[in-house]
Amino acid sequence: MEPLDTDVDYEKLARAPRRRRAIKRDTRFNVMLVFPLLGLLWLLFLAGSALFQWSISSVVNPVLGFMLVVFAAFIVIIFWASAPGAKKQ
């Protein structure tokens, strides 16, 4: 069995400056995957209410207000995701 390499200088690693990782444009669009998930949850709720005859009259107004907020968030995230990255020199 080989001996472990214990020559690591931990002080250099601790003093090394950490570079901030830039967010890539492709990963920005992955944030938008939350919207189909919300739609799927809403469809499951509607299917459950049709199947089990739940009353959804008290849920409709808050959900429509939430959908307006989600729509505004969707527009903001589209502009944020498609924006070019900042180029630092």
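Among residues of region 51-63 that are over 15 Å from Leu41 (Cα atoms), none has a beta-carbon under 9 Å from a residue that is outside any helix (DSSP H, G or I) at least six positions away or on a different chain.
Considering only helices (runs of 4 or more DSSP H) fully contained in region 3-89, which possess at least 1 residues that are at pLDDT below 90, touching a Gly at 6+ places or on another chain (Cβ under 8 Å) and of a type in the set (D, E, K, R)?
Numbers: elements: 10-15, 25-29, 34-52, 57-82.
Those helices (runs of 4 or more DSSP H) span 25-29.
The values are calculated or read from the model by the stated rules, or taken from the named source; none is laboratory data. Fair warning: this is a prediction, and the values are worked out from it, not measured in the lab. As a convention, Cβ positions derive from the backbone with ideal geometry for all residues, glycine included, and neighbour counts pool all protein chains shown.
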